[in-house]
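Following: one structure in structure tokens, then a few remarks.
The values are calculated or read from the model by the stated rules, or taken from the named source; none is laboratory data. All values reported here derive from a predicted model rather than from experimental measurement. All Cβ positions, even for glycine, are placed from backbone atoms using ideal geometry, and neighbour counts span all protein chains on display. Remember, those area values only see protein heavy atoms, side chains included, never the ligands or the DNA or RNA. Shrake-Rupley method; radii C 1.70, N 1.55, O 1.52, S 1.80 Å.
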Amino acid sequence: MAYTWTKSLHLLFVIAWMAAVFYLPRILVNLAEVGEQPAVRERLLLMGRRLYRFGHVMFGLLFALGLPLWLGWRVNPAWWPPVAVGTGWLHAKLVLVALLFAYYIYTARLLRRAGEGGALPSSKALRWFNELPIFLALGAIWLVIAKPF
Ligand code: HEM
């Protein structure tokens with residue numbers, strides 16, 4: 001019961017965070033294409049900052065729920081069964097999650113740079129950059145579902 005609820009909430013916050021991971025770079029694409037429209041630019045920057053903050057909170061929550069799924073068996077194995085003891089898939093997943101998180105922080109840096117009037121990469125480059133988290137997230141999801149090693 002505790003396990004299934006923890007996992008359901010973990011997934012809910014994973015979905016919410018991924019929305020931010022996927023959409024923040026789209027805002028950057030819009031910023032790169034906005035040209036001389038200061039009001040639109042300001043609005044996009046505001047949307048970006050708010051989305052980033054939202055995503056940050058969602059990451060905190062998914063992490064707070066991932067921890068008991070991972071290590072909660074040490075506290076109460078009746079609530080959280082030891083799903084990953086002696087296996088490697090969770091560590092591999094955590095590597096991909098760390099890369100996703102680094103990607104997210106890098107997007108936030110680009111947003112800050114744009115806010116300070118700095119140049120962004122071209123919108124074409126940003127569109128490619130936008131595809132990266134798809135593979136990282138797919139890898140992380142596959143690892144937890146297949147548990148291949
Ligand atoms: C931030 C650190 C994270 C930790 C410590 C963590 C840990 C865990 C653990 C231990 C499970 C339980 C696996 C099981 O019971 O079979 C789980 C489930 C899951 N996690 Fe995470 N996770 C994290 C982040 C993420 C992220 C970022 C994603 C997606 C991109 C993700 C996707 C999933 C999915 C899809 C499941 C459910 C798998 C199933 O069907 O059982 N997790 N997580």
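The table below gives the values:
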read-out	value
Criterion: part of a helix (DSSP H, G or I), over 30 Å from A125 (Cα atoms), of a type in the set (S, T, Y) and within 14 Å of the ligand (Cβ to nearest atom) - qualifying residue of T87, T4	T4
Selection count where residues are assigned to a helix (DSSP H, G or I), without any contact (Cβ under 8 Å) to a residue 40 or more places away in the chain and either of a type outside the set (V, I, T) or closer than 29 Å to K93 by Cα (or both), scope the range 25-40	3
From F59, F63, F22, residue being near the ligand (Cβ under 9 Å from one of its atoms), part of a helix (DSSP H, G or I), under 22 Å from I145 (Cα atoms) and in contact with a helix residue (DSSP H, G or I) (Cβ under 7 Å, 6 or more places away or on another chain)	F59
Those residues of the range 93-108 which are surrounded by 18 or more Cβ atoms within 10 Å (Cβ to Cβ) and near the ligand (Cβ under 9 Å from one of its atoms), in sequence order	K93, L96, V97, L100
Complete set of residues in the range 114-147 that are open to solvent by less than 70 Å² (accessible area, probe 1.4 Å), outside any helix (DSSP H, G or I) and not aliphatic (A, V, I, L, M)	G117, G118, P121, S122, N130
Residue count, the range 3-38 (criterion: more than 20 Å from the chain's Cα centre (by Cα) and open to solvent by 70 Å² or more (accessible area, probe 1.4 Å))	6
Test: residue in the range 71-92 that is closer than 17 Å to H10 by Cβ, open to solvent by 60 Å² or more (accessible area, probe 1.4 Å) and touching a residue at least 40 places away in the same chain (Cβ under 8 Å)	yes
